[in-house]
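A short worksheet on the structure shown next.
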Amino acid sequence: MKELASKTVADLVTENIKTAHIFKKYGIDFCCGGGISIEKACAKYNVDYDLLVTDLENVDKDNSKATNYNSWELDFLTDHIINVHHTYVEENIPLLLQYAERVAQVHGHHYTELLEIKELVKEVAGELSAHMKKEELILFPFIKKMVQAKKEGSALPEAHFGTVDNPIKMMETEHEDAGEILRKIASLSSNYTPPQGACNTYRAFYAKLDEFEQDLHQHVHLENNILFPKSLQLEKELRNQ
């Protein structure tokens, strides 16, 4: 228990991605807000510390290569983020927009929060689409160049944006913006709980929003807590060699 108390939420999720499900269960932000201790997180989110620690200690640990993202090479991790999480967003945004439009049209006169949710879905869809393109065209290719430079023992590659810290800070800010939009949607939808007697489309819309938020949490965790810190460290190593 003492060992857990000394670690941040982000540390635990980085070491074992399965702990993310525990933090999600208790409503604790493990991506953008993961840089605080377990004790502080419990105080912030009004969670019983002993209950949380018990769940964390009993989580089914799996340190296999398949889930130990912290052991992956950065170029491999960027490909994983694109192939899994960027692809997920690209494939599901059209469906979410269709659901949002349909449900708001049919039920928005009675459940007026659906009108605001529809606009928020449009907003987060636009922001994430632009965000992912910046990563795919600017940041991730530079990270791959740094990985290659380290393997070859060559110099730090030049970048028009100066230090890699600049695009990383931009990406982190955009992560927080997208997370805030989804927090608003979760609040408006009573944590994606459809009203009693809701039609199947209404139910499917809220279920997809919940799934979308969970995917974004893991997506942001991989970048904020693993990819970005390691990229900053790699740049430092290349600059000092």
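See the values below:
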| quantity | calculated |
| --- | --- |
| Using a Förster distance of 45 Å, the FRET efficiency for Lys25-Lys151 (Cβ separation, nearest 0.05) | 0.65 |
| Accessible-area ranking of Cys42, Cys32, largest first, probe 1.4 Å | Cys32, Cys42 |
| Full-extension gain in nm, Ser187 to Lys122, via 0.36 nm per residue minus C-alpha separation | 21.7 nm |
| Contour minus Cα-Cα distance for Asp177 and Asn68 (0.36 nm per residue) | 36.5 nm |
| Dimensionless Rg ratio for the range 1-42, taking C-alpha atoms and the 2.2 N^0.38 Å reference | 0.99 |
| Phe76 paired with Cys199, simple spin-label distance in nm, labels 7 Å along Cα-to-beta-carbon | 4.8 |
| Förster-model FRET efficiency, 25 Å R0, Val59 and Leu95, C-beta, rounded to 0.05 | 0.20 |
| Rounded tilt (10° steps) of 228-240 against the dominant C-alpha axis of the chain | 20 |
| Rounded to 10°, Cα long-axis angle of helix 113-134 versus longest principal axis of the chain | 20 |
| 10 °C / 1.306 mPa s Stokes-Einstein diffusion coefficient of the range 38-121, Kirkwood radius on C-alpha pairs, µm²/s | 93 |
| Range of Cα positions in the range 1-160 per principal axis (Å), largest first | 62, 47, 28 |
| More than 21 angstrom apart: percent of Cα pairs within the range 162-241 | 46 |
| For the range 117-210, size of Cβ-based charge dipole, Lys and Arg +1, Asp and Glu -1, in debye | 320 |
| Principal-axis tilt of helix 165-188 within the chain, Cα atoms, nearest 10 degrees | 20 |
| Inter-label distance, nm, simple model (7 Å from Cα along the C-beta direction), His110/Glu237 | 6.0 |
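The values are calculated or read from the model by the stated rules, or taken from the named source; none is laboratory data. This structure is a prediction, so every number in the text was calculated from the model and none was measured. Every residue, glycine as well, gets a Cβ built from its backbone with ideal geometry; the counts of neighbours run over all protein chains shown. Surface accessibility is based on the protein's heavy atoms, side chains included, excluding ligands, DNA and RNA. Shrake-Rupley method; radii C 1.70, N 1.55, O 1.52, S 1.80 Å.
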